[in-house]
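As structure tokens, the structure follows; a few thoughts come after it.
The values are calculated or read from the model by the stated rules, or taken from the named source; none is laboratory data. Just so we're clear, the structure is a prediction, and the values are computed from it rather than from any experiment. Here the Cβ positions follow ideal geometry from the backbone for every residue, glycine too, while neighbour counts run over all protein chains shown. Heavy atoms of the whole protein, side chains included, go into the accessibility calculation; ligands, DNA and RNA do not. Shrake-Rupley method; radii C 1.70, N 1.55, O 1.52, S 1.80 Å.
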Amino acid sequence: MTKNASAAPSGAEPKELSAESRARIEREMAKFPKKRGALLAALHIAQEEHGWISPALAKTLAALFEITPIEVMEVVSFYNMFYDRPQGRHHVYVCTNLPCSLRGARGLLRALESHLGVRAGETTPDGRVTLGHEECLGACAYAPMLRVGPTYHENLDVEQAKRLVDALE
Amino acid sequence: MALTAPYVTNYLTQHFADDAFGQVDGYVARGGYEAARKAITRMAPDEVATLVKDAGLQGRGGAGFVAGLKWTFMPKGADKPKYLVCNADESEPGSFKDRILMERGPHQMLEGILIAAWATGAEKTFIYIRGEYAFAASQLERAIEEAYSRGYLGSRVMGTALSHDVVLVRGAGAYICGEETGLLESLEGKKGQPRKKPPFPAQYGAFGMPTTVNNVETFSHVPHIIKNGKEWFRSIGTEKSPGTTIFGVSGHVVRPGLYELPLGTKLDEIVFEHAGGVPDGRRVKGVIPGGMSMPILPAGQLDVPMANEFLRERKSMLGTGGVMVMDETTCMVRVGCVISWFFRDESCGQCTQCREGTGWMNKILNRIERGAGTREDLDVLLDVAGKMEGATICAFSDAAAWPVQGLLRHFREDFEAHVREQKCPFPASFEL
Ligand SMILES: Cc1cc2nc3c(=O)[nH]c(=O)nc-3n(C[C@H](O)[C@H](O)[C@H](O)COP(=O)(O)O)c2cc1C
Ligand code: SF4
Ligand code: FES
């Protein structure tokens, strides 16, 4: 997957977690024999609030987990779904693994690249969409497909995919 | 988008067209949780493990290890907490069966977990679901809450002495977290880099405690075995590989989708009769029978029963039952490029052979596809693949080598034609 190829235009660097996020993270910690087990959950929660994990946010999380900020960032860089730089408001990821490619996924991705004027891995200049390609998403029979954030869109053709992307605000 | 029922159903998926089956009331109305009640109230833990072992249920996560046998590796006694892990990371390209099992049958899986908890003495199950499966996770979350509220989970399950908790954990996009010890590391909030074995998870698993890892589908079969008995289970499938599995058919077929069929169903029956064969009268060129890690079979070898004892004779394996069909237009070098790109991207980087080998294979395959390859490149490919086998911390490296070896075994002529003509001779092939 292509994450982090280019940064979206950003506002201030996120640093703090809301009281609600902190409470959610604490509930997650209680589910594990060691609280470190909740680090992935905490990163998901922090990203839901801020969209990416900044160095300052990593420091805040590190304090909660009693580990070093670099340990947090190592985890962030290992997983495709965690981002160490600002992202577009919407993630549009086209699956380009074999079953999807056999049914035209790469042509579809290329069409979206030229439609949006960005390459896979990049964010549109207005910060609206980060386009990417991704490995198999478990929807191989419904190819080609893409996901917009958590939502799958399956059995697409190029025109449908363009309309879908245009409708994102 | 939510999935609907498979095209062909059997005991696992027979109610999947029915929304109510996913809810606790609908599940109970169709006999749900009766198998767990039977196991917990009328059978000793050992008896349950023995029954599942004798039924011959093989793990459905790819390696095919006998489930009940694995359960007996858990230490007896209660001096340490013991855990189960449900491997719901499903990321093997071509596989999408676990997704439907969670979206349409979450209670069936939870019931299997509960029975395994009784058999192994585990106090808690971590369900590790891949981060992208947001809808499946929401269905599971709801089902877990329902099960707690009805006393199927928590303390004193169904009024018995058994207590069991289930925790849902979301991954974050890393194929290697499906390997069971990579998964365990990830569960501990770390990078998902596989551990050296031994020690095996039954001795040193999640957070250092004895742990059994099973796949979503493996758990989902368990209530049916308890309910109907081992003879019933053994009457389905082959002698060595009993039961059904859910084949996911993708690629160049008329009806791509899910098909629950007995193990041992012939591959050509799946491709032609069930999935309708290749569209527009084109012919099949090759089929990957079990997810991307498993070597491809050429059109002439599709008369193979889909069970490991038969697939091994053809130098392939059942894997996850992800059947990928490629028609006669397909360039097998391009297939190699896509496959090797995936493995290059997903190697966790701990072992030199794997980290370097996946990169080299991808580079050479791309060169051949561009028309810049040489005859020596084919030998180098096989040499690199050979060195990647059997020498690493986990089986990922083997899984990366096998498909490339399979392509060269059956489609060497495609590779040689690229070298000879200094270009890709398959202009009508899928776009790269
Ligand atoms: C690279 C690699 C990836 C794997 N991915 C998965 C997976 O996504 N889901 C799964 O259930 N098993 C996966 N496995 C197999 C697991 O390591 C383990 O064998 C399995 O979860 C055990 O459950 P089972 O015995 O019920 O099949 C993978 C193995 C390897 C080597
Ligand atoms: S074989 Fe590959 S994926 Fe497995 S531990 Fe070694 S480097 Fe990591
Ligand atoms: S290959 Fe695209 S969803 Fe599986």
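Points worth noting:
- Filtered by the rule that a residue be open to solvent by 50 Å² or more (accessible area, probe 1.4 Å) and at the interface with another protein chain (Cβ under 7 Å from one of its Cβ atoms), region B:191-212 gives a lone residue, B:Lys191.
- Of all residues in region B:160-178, those that are part of a loop (DSSP other than H, G, I, E, B) and either free of Cβ contacts under 8 Å to residues at least 60 places away in the same chain or within 14 Å of another protein chain (Cβ to nearest Cβ) (or both) total 6.
- Every test in (1) out of contact with any Phe, Trp or Tyr (no Cβ under 6 Å at 6 or more places or on another chain); (2) more than 16 Å from ligand 2 (Cβ to nearest atom); (3) away from chain A (no Cβ under 14 Å); (4) of a type in the set (A, V, I, L, M, F, W, C) is passed by B:Ala55 save one, and that test is (1).
- Output for region B:78-90, where each listed residue is open to solvent by less than 20 Å² (accessible area, probe 1.4 Å) and closer than 19 Å to B:Gln139 by Cα: B:Val85, B:Cys86, B:Ala88, B:Asp89, B:Glu90
- Screening the candidates B:Tyr83, B:Tyr27, B:Tyr33 for the property of being within 14 Å of chain A (Cβ to nearest Cβ), touching a helix residue (DSSP H, G or I) at 6+ places or on another chain (Cβ under 7 Å) and either more than 25 Å from A:Leu137 (Cβ to Cβ) or away from ligand 3 (no atom under 16 Å from the Cβ) (or both) yields one hit, B:Tyr83.
- Given (1) within 10 Å of another protein chain (Cβ to nearest Cβ); (2) more than 18 Å from B:Ala67 (Cβ to Cβ), index of the condition B:Gln139 fails: (1)
- Residues of region A:44-58 classified as part of a helix (DSSP H, G or I), open to solvent by less than 30 Å² (accessible area, probe 1.4 Å) and within 14 Å of chain B (Cβ to nearest Cβ), total: 5
- Subset of region B:104-135 (residues that are within 11 Å of another protein chain (Cβ to nearest Cβ), open to solvent by 10 Å² or more (accessible area, probe 1.4 Å) and touching a Ser or Thr at 6+ places or on another chain (Cβ under 9 Å)): B:Glu123, B:Arg130, B:Glu132, B:Ala134, B:Phe135
- Among the residues of region B:337-348, not a single one is away from ligand 2 (no atom under 15 Å from the Cβ) and free of Cβ contacts under 8 Å to residues at least 12 places away in the same chain.
- Flag for B:Glu217 being open to solvent by 10 Å² or more (accessible area, probe 1.4 Å) and either outside any loop (DSSP other than H, G, I, E, B) or within 14 Å of another protein chain (Cβ to nearest Cβ) (or both): no
- Given (1) within 16 Å of ligand 3 (Cβ to nearest atom); (2) open to solvent by less than 20 Å² (accessible area, probe 1.4 Å), index of the condition A:Arg106 fails: (2)
- Given (1) free of Cβ contacts under 8 Å to residues at least 12 places away in the same chain; (2) away from chain A (no Cβ under 14 Å); (3) of a type in the set (Phe, Trp, Tyr), number of the condition B:Trp71 does not satisfy: (1)
- Of residues in region A:130-169 being of a type outside the set (Gly, Ala, Ser) and within 16 Å of ligand 1 (Cβ to nearest atom), the one nearest to A:Leu112 (Cα to Cα): A:Glu134
- Condition check for B:Ala143: touching a Gly at 6+ places or on another chain (Cβ under 8 Å) and open to solvent by less than 50 Å² (accessible area, probe 1.4 Å): yes
- Residues in region A:71-101 that are more than 16 Å from ligand 1 (Cβ to nearest atom) and either in a loop (DSSP other than H, G, I, E, B) or open to solvent by 10 Å² or more (accessible area, probe 1.4 Å) (or both): 15 in all.
- Being hydrophobic (A, V, I, L, M, F, W, C), in contact (Cβ under 8 Å) with a residue 40 or more places away in the chain, surrounded by 17 or more Cβ atoms within 10 Å (Cβ to Cβ) and over 21 Å from B:Gly178 (Cβ atoms) is a condition met by no residue of region B:56-65.
- Taking first residues from region A:136-165 that are among the hydroxyl-bearing types (Ser, Thr, Tyr) and partners that are open to solvent by 40 Å² or more (accessible area, probe 1.4 Å), the Cβ contacts under 7 Å between residues at least 6 apart in sequence or on separate chains come to A:Tyr142/A:Asn155; A:Tyr152/B:Met1.
- Within the set A:Glu74, A:Glu122, A:Glu49, A:Glu113, the sole residue that is within 19 Å of A:Glu28 (Cβ to Cβ) and among the acidic types (Asp, Glu) turns out to be A:Glu49.
- Which listed residue is within 14 Å of another protein chain (Cβ to nearest Cβ), in a strand (DSSP E or B), crowded, with 16+ Cβ neighbours inside 10 Å and in contact with a Phe, Trp or Tyr (Cβ under 9 Å, 6 or more places away or on another chain), from B:Met326, B:Met292: B:Met326
- A count restricted to region B:329-347 and to residues that are more than 14 Å from B:Pro93 (Cβ to Cβ), more than 10 Å from chain A (Cβ to nearest Cβ) and charged (D, E, K, R) stands at 0.
- Count - residues of region B:382-414 that are of a type in the set (Asp, Glu) and under 22 Å from B:Glu313 (Cα atoms): 2
- Put simply, of B:Ala395, B:Ala391, B:Ala400 the only residue that is within 14 Å of another protein chain (Cβ to nearest Cβ) and within 16 Å of ligand 2 (Cβ to nearest atom) is B:Ala400.
- Filter result (β-branched (Val, Ile, Thr) and buried (at least 21 other Cβ atoms within 10 Å of the Cβ)) within region B:253-289: B:Val253, B:Thr265, B:Ile270, B:Val271, B:Val278, B:Val284, B:Val287, B:Ile288
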